[in-house]
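Only one structure is covered here, and it is reproduced in the block below.
Bear in mind that the values in this text are calculations on the coordinates, not laboratory data. All of these numbers come straight from a predicted model, not from anything done at the bench. With ideal geometry, Cβ positions are generated from the backbone for all residues, glycine too; neighbour counts draw on all protein chains shown.
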Amino acid sequence: MDYFIELFCGGLTRGAIYALIALGYTMVYGIIGLINFAHGEIYMIGAFTAFIVATVLSIYGFPLLAIVILAGFAAVIWSSAYGYTVEKIAYKPLRHAPRLSPLISAIGMSIFLQNYVLLAQTSNFLPFPELIPEFAFMEPIAHIVGSTDIVILITTAVIMLILTVVIKGTKVGKAMRATSQDRTMAMLVGINVNRIISATFIIGSALAAIGGLLIASHIGQINFYIGFLAGIKAFTAAVLGGIGSIPGAVLGGLVLGLTESFATGYVSSDYEDVFAFSLLVLILIFKPSGLLGKAETKKV
Amino acid sequence: MNLMRSKKILAAASVLMLALSAPVAGMAGDTIKFGVAGAHSGDLASYGLPTVNAAKLVIDQVNAKGGINGKKIELLVEDDVCKPEVATNSATKLVSQGAEVVLGLICSGATKSALPIYTNANILVMSPSATNPELTYSGEYPNFFRTIAPDDMQAKVDVDFALNKLGHTKIAVIHDKGDYGKGFAEFAKSFVEKSGKAEVVLFEGVTPGAVDYSAIVQKIKKSGAQAVIFGGYHPEAAKIVGMMKKKRLKIDFLSDDGVKDDTFIKVAGADAEGVYASGPKDTTGNPLSKAAFAEHKKVFNADAGAFYENAYTAALAMVNAIEKAGSTDLAALKKALQTEKVDTPLGTIYFDDKGDAVGIGFSVYQVQNGKFVELK
Amino acid sequence: MLGFKEIKNGLLVSLWFVFLTFPLMVVKVDPVERIVSWRWENSIYVAIGTFVIYCVVKIIMQHRTGNAAVEKEAEQEKESIIHRVLASPKQKYTLIALLLAVAIAFPQFSSSYQTNVMTTALMYVVLGLGLNIVVGMAGLLDLGYVAFYAVGAYTYALLNHHFDLGFWAVLPIGGGMAAIFGILLGFMIVTIFIVNRLQDSRLGRAWIALREDEIACQAMGIDKRRTKLVAFALGAFWAGIIGVVFAAKTTFINPASFTFLESAIILAIVVLGGMGSIVGVILGALILILLPEYLRALSEYRMLAFGAILVAMMVFRPRGLISNIRRTYHSDKKFHPPIQH
Amino acid sequence: MATPILQISGLTMDFGGIRALNRLDLDVHAGEIVALIGPNGAGKTTFFNCLTGIYTPTAGEILLTPPGSARSVSLKGLKPNQVTEKGLARTFQNIRLFSQMTVLENVMIGRHCRTKAFILGAVFRNAATRREEREIVEMSYAILDKVGLAHLANEFARNLPYGAQRRLEIARALATEPFLLLLDEPAAGMNPQETQDLDRLIKEISTDGHSILLIEHDMKLVMSLSDRIFVMDYGKKIAQGKPAEIRSNPAVIKAYLGEDVDA
């Protein structure tokens, strides 16, 4: 039973991270129908910015709490700035282009950002400072669920809650929902669609940055390539949950994380990915629009 | 166009081309063309670039003394990014440029794909780092030599240490699914099984770059293993030891040369303490080794990186063989390599008839106070 | 030329980029030695670079809107020449004969490195043409195309390994490289020929209709599922064959050669060239494969440039290098004159 | 009286909790022009979509009987392409042409379900395929000539003026050789002159032996063309009859002018 709980907690942590990144994919897809391949790189840039800021501050002797707050803040600011800029450069001019053109542009952007970080920083793995301390009161159960797991789960839950409130309750959220349903109509009722799209990119990037910071301090290392696999997995999670659906991204992330964890624990980690992607195929066969995705109604 | 007819034309054209194109022969000019191939860019560049530096240093020395038998040595450097498909491109490029001997091919995969091209052109290839046993054991590549011990030697050293020195009886063998790591892990598994002293309680591969390794660590814990033998490179090793510490799993961690790298200690930090890793024998007592490192520091104003000594050794052995053989003819070079002993940073070595260096082996190191310390 | 407003915007944009690139370009930390280096000079490079690029883009855009009409005409002229060559059988076969001559001559006159690079490029031309059926014509997104390529490569490799199919084994070595090049060139011509025919057939029209409007396409009596499946299958067929050639050429394969990036590059070839255009795909493949190969001089900036070029191409030519041209048909009969109002 | 070529009984379509069509009955006889009218949102296009397989109706039956045949086939549950194969073709309210293809190719697509050539035929282009292609081109030209677009055959469809695009939609549908043609607001957005040409065209098509069922808001056109008219409101049929009867039907007037008409 202990073993089951251990795997469950590990899967949940992993799933929470997938969910944070998946939200960016799903929100952007919901609003402009684009698979933003550069999103994994935004996550990586978030982690890198946090790494740089945290290391600099720790060298200058700042206290841990200040480091955590400032590094998190910087990661969110710069990731959002990158997300915003990427949209303006690579996607905005392509609003009316054929469907696949923005996708290629996104792939190009992803390659560019990866190599930009590689050249501006280093190709080596770097040790990420331990931003989440080991809490003493957690020690009795640390072998099952550690401090970082708890922090990741709580942070993710809080962020989800805030996001839900923003989407459901605020003017920006309403405008987002309107834009995702019918862009032309939203424009006609006076919504500044370009600004809403930018806002979507900024929010998605901020979430990815927080994900980057959390996972980097969980596993303790980063390099320029971490965005790729995390991006693919998060994208899978988004599709699994129903791309375009915000609760879907969260559910998809958790389902994927748990599946991988149990596949490793009870079968073999050699087949971790096989299980993850078989699950995806299986769900898409029975529910082509994903777990919580709405079936597309054809407008004729 | 009639398709049948076009097929015939095609077939005829290809036969014609086969007949017309003879293999490009090595050109005898007024310099000796010395090729260097390996990863010089991309994420594995740090494994390949030290070899280029080593070659430069050795060749500059030789040229400064007037070359070999009056001929200067010319360096031809080709990047293969450690990708098999690029390695064949680099190989054909080097062959067509008239390279007479080649130092390198850093990764085993790229080596496997490019070697047939060199073998066919009768060009001597000496690798400082390709450890796949097949490369020498198979006998398919009579032109291939190396100044590093093959993977199975490493696995044997690790397993002996875990079983005999540490006295473990339950071993978990983990790898990163890559050519190098999985190969090492499979050898380790078979050595443990053959020993009769211990059993392999877990044998699994992990996905490099995965978000976290908590599940596999829990599984190791459940398996009751007393030690983990890991085949792979340092980033994954650092993640696994980090996660082991987080999950309060205190068992021995043994790994390979891919982990015996100072970057591992930098990245894993305090978690690295106590980790065992096998690596080439310590040569810091060897004056030639000291000189080689000092030279690198002087010329490039930086510390030498991975496989630098092996590459330096290989370059010395190659130059020595060319000098003794009096040509770059493969048969003559081979004979010289097998009979003429040469003093190098790795000790006094010569080569056996398979192409492996005699006198080069592995030791087990342990991280103690942030440094790899050789255990005698 | 640029007015005051553009200059001001340019300065603002470069200021934004200085801010954007600050942590990654300026700060570099060594977490072990605990040293921070501040590379302020990079900020200056970023500022100047951004400003120059901004101005160049603005000038090009001004130039473009001014000459839009003239350029469009010139473009049509150019494209119609390519199209005319492909449309007329006589010129097409002359072209094929010419290509065959090049195929035989090329390996003789260039180094085997050049031959090898061209072989790789040709492989991607065929891969691109295969994916063009799926993506360009039928408008289906296929990001797993490389899997079929891998299936072909592994099939060959396993057959070769277990049953020792000797013939191909000699090919990659020495003269075989030239032979592979020639066979590939021939194969590419056959592929072009087939794709060209498919494009103007009943099936090809169905694919394009499917791409344009799925619902209308079904309403025209076209079986959506069957048509899509045929497109996928045909595309996969070509990938599989090239996979075999790839395995024979490199003599060693491992999963590292069949990554997502590979799929992305093939997709980029199709879209860059111009969806559904055969000439475009050939051009796209040559650019995307030869560019990184010859950009190798720039070594570490190679992939950076590759990414940037992909984005720039899409932004400035979203419909690809060469837009697709439809075949025209004529009837011998006389028709009523158009209704005059 | 002969069996109607189209007989619909009790057709019902629910979207979630909303009933878009409520137990609708309708029939079309060979050679007839039948109009379906009703205010916006009455469910007319939904009705077409149920007929042509784009939606699967919740309940009811749709029977198609080719003229002169005794065997009826049910259209319920068939896919759109199968419906077209059975001899029922349609146009779309919001024009859905294949814009990147030429005018002629748009019509040629319509021949798809009546022709056979496949991969091998396309590659080897044998005699049978060549003959088939020739026939497709000739027939498509003939249809274009009928709708007055032959001179624009090699233009891209997207470059046509609006009225011509509407006529091209009809041509494309005709190419599938339907015995019953469904026209969804064919005159929408046309000027009076274009509408007049359309009136003539539809009559010609009818004379050629196609039965026609159309949705239309232009009452002048409806009254001029129709043999019979069905009126829908809120998913229900509220009236049916000859144009003159419909014109004076109080329920229809009420539906169009709102509740206050009697007040």
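Count Lys and Arg as plus one, Asp and Glu as minus one, and take only other residues whose Cβ is under 12 Å from that of D:Glu135; the net charge is then +4. One quarter of the convex hull surface built on the alpha carbon atoms of region D:42-129 amounts to 8.7 nm², the projected area averaged over directions.
Between helix D:127-147 and chain D there is an angle of about 40 degrees, using the helix long axis and the longest principal axis of the Cα atoms. Dividing the convex hull volume of the alpha-carbon atoms in region C:4-68 by its residue count gives 76 Å³ per residue.
Measuring nothing but alpha carbons in chain D and taking Rh as the Kirkwood radius, the Rg to Rh ratio lands at 0.99.
Extension gain for C:Leu291 to C:His162 (0.36 nm times residue separation, less C-alpha to C-alpha distance): 42.7 nm. Kirkwood hydrodynamic radius of region D:1-48, from the reciprocal of the average inverse Cα-Cα distance over all distinct pairs: 12.1 Å. For region A:194-265, the list of chymotrypsin sites (Phe, Trp or Tyr not before Pro) that fall in a loop by DSSP and count at most 13 other C-beta atoms within 10 angstrom is empty.
On alpha-carbon atoms, Rg over Rh for chain A using Kirkwood Rh? Across chain A, the Cα-based Rg/Rh ratio is 0.97. Treating region D:91-181 as a set of equal point scatterers at the Cα positions, no solvent, please give the Debye-formula log₁₀ I(q)/I(0) at q = 0.13, 0.16, 0.22 Å⁻¹. Values returned for q = 0.13, 0.16, 0.22 Å⁻¹ are -0.42, -0.62, -1.04. For the pair B:Lys281 and B:Ser195, what calculated FRET efficiency results from E = 1/(1 + (r/R0)^6), where r is the Cβ-Cβ distance and R0 = 25 Å, to the nearest 0.05? That gives a FRET efficiency of 0.65.
Of the beta bridges in chain B, as assigned by DSSP with both residues counted there, near 30 percent are antiparallel.
With the convex hull drawn over the C-alpha atoms of region C:110-316, the volume per residue is 128 Å³. With the biggest extent put first, the Cα atoms of region B:88-183 measure 54, 22, 19 Å across the principal axes. Remark on B:His175: its backbone amide H falls under 5 Å from those of B:Glu204, B:Gly205, B:Val206, B:Gly231, a criterion applied only to residues 5 or more positions apart or on other chains, H modelled at 1.01 Å from N. The amide H of B:Val358, built 1.01 Å from its N in the peptide plane, has B:Tyr350, B:Phe351, B:Asp352 as neighbours under 5 Å, considering only residues 5 or more places off or on other chains.
Run the paramagnetic zone check for A:Val166: 7 angstrom along Cα to Cβ, then residues of region A:182-224 with backbone nitrogen under 13 Å. Residues A:196-211 fall inside that zone.
Of all the options D:Ser248, D:Ser140, D:Ser211, the one that moves most in a Gaussian network model of chain D with Cα springs shorter than 10 angstrom is D:Ser248. If r is the Cβ-Cβ distance from C:Ala101 to C:Ser323 and R0 is 45 Å, what FRET efficiency results, to the nearest 0.05? For R0 = 45 Å, the calculated efficiency reads 0.90. Electrostatic tally near A:Leu64: other residues with Cβ closer than 13 Å to its Cβ, Lys and Arg +1, Asp and Glu -1, net -2. The trypsin sites (Lys or Arg not before Pro) of region C:219-303 include none that meets both conditions, a loop assignment by DSSP and at most 10 other Cβ atoms within 10 Å of the site Cβ.
Quick one: net charge around A:Val189, please, counting Lys, Arg +1 and Asp, Glu -1 for every other residue with C-beta under 13 Å from its C-beta. Overall, the nearby charge balance is +3.
Between D:Ile18 and A:Tyr271, the modelled label-to-label distance comes to 4.7 nm, taking each label 7 Å out from Cα in the direction of the beta carbon.
Quotient of the Cα radius of gyration of region A:186-300 and 2.2 N^0.38 Å, N being its number of residues: 1.28. Loop-located trypsin sites (Lys or Arg not before Pro) in region D:101-169 (DSSP state not H, G, I, E or B) with no more than 15 neighbouring Cβ atoms inside 10 Å: D:Lys116, D:Arg125. Using a 10 Å Cβ count of at most 11 others and DSSP loop calls, identify the longest part of chain A lacking such trypsin sites (Lys or Arg not before Pro). Longest stretch, sites excluded: A:1-293.
Long hydrophobic helices in chain B, taken as whole DSSP H segments with a C-alpha length of 20 Å or more on their own axis and mean Kyte-Doolittle hydropathy at least -1.0: B:3-20, B:45-64, B:179-195, B:308-325. Annotation for B:Lys341 and C:Asp332: the two label points, set 7 Å from Cα along the Cα-Cβ direction, are 9.5 nm apart. Calculated on the alpha-carbon coordinates, the convex hull of region A:200-247 measures out at 88 cubic angstrom per residue. If the limit is 27 Å between Cα atoms, which of B:Lys65/B:Lys335; D:Lys116/D:Lys203; B:Lys65/B:Lys297; A:Lys92/B:Lys83; A:Lys92/D:Lys79; B:Lys33/B:Lys83 go over it? Check vs 27 Å cut-off fails for D:Lys116/D:Lys203; A:Lys92/B:Lys83; A:Lys92/D:Lys79. Per the Kirkwood formula applied to alpha carbons, region B:152-274 shows a radius of gyration over Rh ratio, Rg over Rh, of 0.92.
Here r is the Cβ-Cβ distance between B:Leu76 and C:Leu11 and R0 is 56 Å; the resulting FRET efficiency, rounded to 0.05, is 0.75. 3J(HN,Hα) along region D:13-28, derived from phi through the Karplus expression 6.51 cos²θ - 1.76 cosθ + 1.60 where θ = phi - 60°, amounts to 9, 10, 10, x, x, 9, 9, 7, 10, 10, 6, 8, 10, 7, 9, 10 Hz, with x in place of Gly and Pro. In chain A, the longest principal axis of the Cα atoms and the axis of helix A:101-120 are about 30 degrees apart. Here the ratio of the Cα radius of gyration of region B:218-339 to 2.2 N^0.38 Å is 1.48. Relative to the longest principal axis of the Cα atoms of chain A, helix A:226-241 runs at roughly 60 degrees.
One quarter of the surface of the convex hull around the alpha-carbon atoms of chain B equals 22.9 nm², the direction-averaged projected area. Note on the protein assembly as shown: semi-axes of the ellipsoid equivalent to its C-alpha gyration tensor, largest first and rounded to whole Å, are 63, 39, 28.
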